[in-house]
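A short write-up of the structure that comes next.
Each reported figure results from applying straightforward, stated rules to the coordinates on display, with no laboratory input. As the structure is a computational prediction, the values presented were derived from the model and not from experiment. Positions of Cβ are generated from backbone atoms using ideal geometry, with glycine treated the same way; all protein chains shown enter the neighbour counts.
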Amino acid sequence: MLLSNMTYFSPMFYLTGFPGLEAIEHWIFIPFFFMYLVAISGNCLILIIIKTSPHLHTPMYYLLSLLALTDLGLSVSTLPTMVGIFWFNSHSIYFGACQIQMFCIHSFSFMESSVLLVMSFDRFVAICNPLRYSVIITGQRVIRVGLVVILRGPVALIPIVLLLKVFPYCGPLVLSHSFCLHQEVIHLACVDTTFNNLYGLTLVVFTVMLDLVLIALSYGFILHAVVGLASREEQLRAFQTCTSHLCAVLLFFVPMAGLSLVHRFGKNAPPAVHLLMANIYLFVPPMINPIIYSIKTKEIRRAIIKLLGLRKVNSESWGEMCH
C-alpha cells in the first residue's frame, strides 16, 4: 500500500497558501504587495545611494550594501510562488523549482546571519578600539569577508538540498506555506531522514546559533566599553551608532527562533501559527531594515533627501522626528 502512494521522482508539490481564505486571496496579497514594494524599492534605494555617493565608499557602508543585497535576494526568492498563488491561483510547483526556491531562501537567510555578525564586529571595533578602526576594518578585508559570507551558507546547504532529490515521497505532496522550506519538504519523505535532520540541525547550530552567540558577545564588550565612557553624551552617541544594527539583529533572529521552535516542538499548534511565523521571518526584516537605516543613519538620510531633492528644512524636521 505504501509503494502505491510513493513517488520517487515527484513532479509536483502543492502550496496551500492561506487555507480557508481562498475566496479573499486577492485581497490578502495587498499587504504582501506593499511589503514587497517597500522591501525591494527600499533595499534598491540603499544600494543606489551607496553606489552613487563616493563619501559612503567605506567598510561600514559596504557591509550595509551586503545586508541590502541579502534582503533583496530574500524578498525575490519568495516572489514567484506568491504571485502565482495570489494572482493566478497557481498552487503547484515542480520539484526542481521547489528545490531552487528553498535553496535560495535558506542561503539568503544564512547570509543575512553572517552579515549581521560581521556588522557587529565592525561596531565592536568602532567603539572598543576606535583609534585602530581604519587599520583593522579595511575595504579589502570587508571584500574577503563578504566572499566568505556569500559562499558559507550556499556551500553548506548543497548536500541536504541535493539529497532531497533521491528521497521517495508519499502523497499527497502538500506544503503548508506559499513557498518551499526544507523543514516542510523533508516531512513528506517516506524514508528515514535522520541524516538530513541532524545535518540541518548541526548547520543551524554552527551557523545561525554561533553567529547569535558571537553577536551577543560583541554587544557584551560594547556595553562594557560604553559604560566606561566618561560622559553621558559620549555614552548616548556610542549607543546610537549601534541602534540600527541592533534592531536588524532582533528583527532577524527573534522570528527565526520562533519559526524553528514552532517547526520542531509545535506540531500541535494551529496552522495559522506556522503561517504567521514563517511570513514574519521572511517578509518583515527585508521590509524594515532599509527603513531603520534610512531613519537612524545620518549619512543615508542626507543622501536620500539629496536624491529626492528635498529642502534642508525637511532634513532637520526628519532628524528631530528620529530623536
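Overview of values
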quantity: Peptides ranked, highest mean first, by Cβ atoms within 10 Å: ranges 215-221, 295-301, 233-239; calculated: 295-301, 215-221, 233-239
quantity: In degrees, nearest ten, helix 312-322 long axis to first principal axis of the chain (Cα); calculated: 70
quantity: Net charge contributed by nearby residues that have their C-beta within less than 10 Å of residue 289 (K/R +1, D/E -1); calculated: -2
quantity: Long-range Cα-Cα pairs in segment 38-97 (distance over 13 Å), rounded percent; calculated: 67
quantity: Cβ charges +1 (Lys, Arg) and -1 (Asp, Glu), total dipole of the chain, debye; calculated: 860
quantity: Paramagnetic reach from residue 166 (point 7 Å along Cα→Cβ, amide N under 20 Å) across segment 183-199; calculated: 183, 185-199
quantity: Highest-first arrangement of 85-97, 127-139, where packing means the average Cβ count within 10 Å; calculated: 85-97, 127-139
quantity: Segment residue 199-residue 225, extension gain: residue separation times 0.36 nm, minus the distance between their alpha carbons; calculated: 5.6 nm
quantity: Helix 95-128 vs. the chain, principal-axis angle (Cα, 0 to 90°, nearest 10); calculated: 20
quantity: Segment 15-322, relative contact order in percent, only Cα pairs under 8 angstrom and at least six apart counted; calculated: 26
quantity: Added length on full extension, which subtracts the Cα-Cα distance from 0.36 nm per residue, residue 30 to residue 53; calculated: 4.9 nm
quantity: Lysine pairs in segment 15-322 with Cα atoms under 18 Å, if 8 or more residues apart or on separate chains; calculated: 6
quantity: Read-out percent of Cα pairs over 31 Å apart, derived from the coordinates shown; its label in (1) 46; (2) 24; (3) 38; calculated: (3)
quantity: Listed residues 149, 254, 38, most fluctuating in the chain (Gaussian network, C-alpha, under 10 Å); calculated: 254
quantity: Additional length obtainable on full extension of the chain from residue 100 to residue 37, 0.36 nm per residue less Cα span; calculated: 20.4 nm
quantity: Helix 210-227 axis, angle to the chain major axis (alpha carbon atoms, nearest 10°); calculated: 20
quantity: Lys/Arg +1, Asp/Glu -1 at C-beta; segment 15-322 dipole; positive extreme among 40, 92, 274; calculated: 40
